[in-house]
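First the structure, in the form of structure tokens, and then the observations on it.
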Amino acid sequence: ARPKEEEVLLLIGRRRCTATLGRLDDWSEEEGEQPMGSSTSKLPALRTVKEVDIPKFIGDWYVIGVIPTYFEKGACNPIEKYSWDSKKKAIAVDFQFNKGTVTGAKKSIPQTLYVDGYPKASGSMKASPFWPVKLPYLLMELSDDHTNCMVGYPSRAYLWIMSKSKSMDKKIYEEYVQIAKEQHYDVSKIENPPHEERKEEENLKE
């Protein structure tokens, strides 16, 4: 049975905010983590890329398509800035966005992305929005030049299609959406957040 939602104070930078842990469901029991909830059906494991070149992977990733988490709803100009944290031996993530509109208040949410190697790693990573939470970050697709990627979540509740440019080739985007569909995603839930003053559909290049 799903546990009751509980409010937890998070320390993000120097400010506190409140988040509902019950919205972060389906922890991976296979990894020995305590589940936050249970899936309504058994889904096959998501396919992930075999190898990631971490120095090539780090950089700025623009979110082109997304099935958003609770924290990302209403985000405009969403971008994930990745840099290598040599002390933690992990990727430091700074998720930045404007709230509500492209000119709305700018927000920043730091996270940590744990990998299983450096400079090469597998596509199965762990994202930590705050201690001690570590959630699956499954790199489903990654272009050879490390400029386009798609990240999934075991329950299929969340999805990220990202590019290192503000626009993604429409053909690549459609290929990623088709792959997500084949991996049992409900692709009708994918949203295309706006970047700058452009309309949502203009984030896809012909």
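What base-10 log of the normalised intensity I(q)/I(0) is obtained for the range 98-206 from the Debye formula, alpha carbons as equal point scatterers, at q = 0.11 Å⁻¹? Taken in order of the listed q values, log10 I(q)/I(0) reads -0.41. Dividing the Cα radius of gyration of the range 113-153 by 2.2 N^0.38 Å, with N the residue count, gives 1.22.
Going down the list LYS120/LYS171; LYS73/LYS134; LYS50/LYS107; LYS107/LYS171; LYS56/LYS189, which pairs span over 23 Å between their C-alpha atoms? It would help to have the intermediate numbers written out before the result.
Working: LYS120/LYS171 28 Å; LYS73/LYS134 21 Å; LYS50/LYS107 33 Å; LYS107/LYS171 31 Å; LYS56/LYS189 30 Å.
Long pairs (Cα-Cα over 23 Å): LYS120/LYS171; LYS50/LYS107; LYS107/LYS171; LYS56/LYS189.
At a 1.4 Å probe radius, carbon and sulfur cover how many percent of the accessible area of the range 75-206? Ligands and nucleic acids excluded, carbon and sulfur give 51 percent.
Relative contact order of the range 40-107: 25 percent, from C-alpha pairs under 8 Å at least 6 residues apart in sequence.
Quick check: residue separation of VAL187 and VAL102 times 0.36 nm, minus the Cα distance between them. What number comes out in nm?
Working: separation 85, 0.36 × 85 = 30.60 nm, distance 2.43 nm.
Contour length minus the Cα-Cα distance gives 28.2 nm.
The values are calculated or read from the model by the stated rules, or taken from the named source; none is laboratory data. For clarity, every value in this text was computed on a predicted model and none was experimentally measured. The area values use the complete protein model at the heavy-atom level, side chains included, leaving out ligands, DNA and RNA. Shrake-Rupley method; radii C 1.70, N 1.55, O 1.52, S 1.80 Å.
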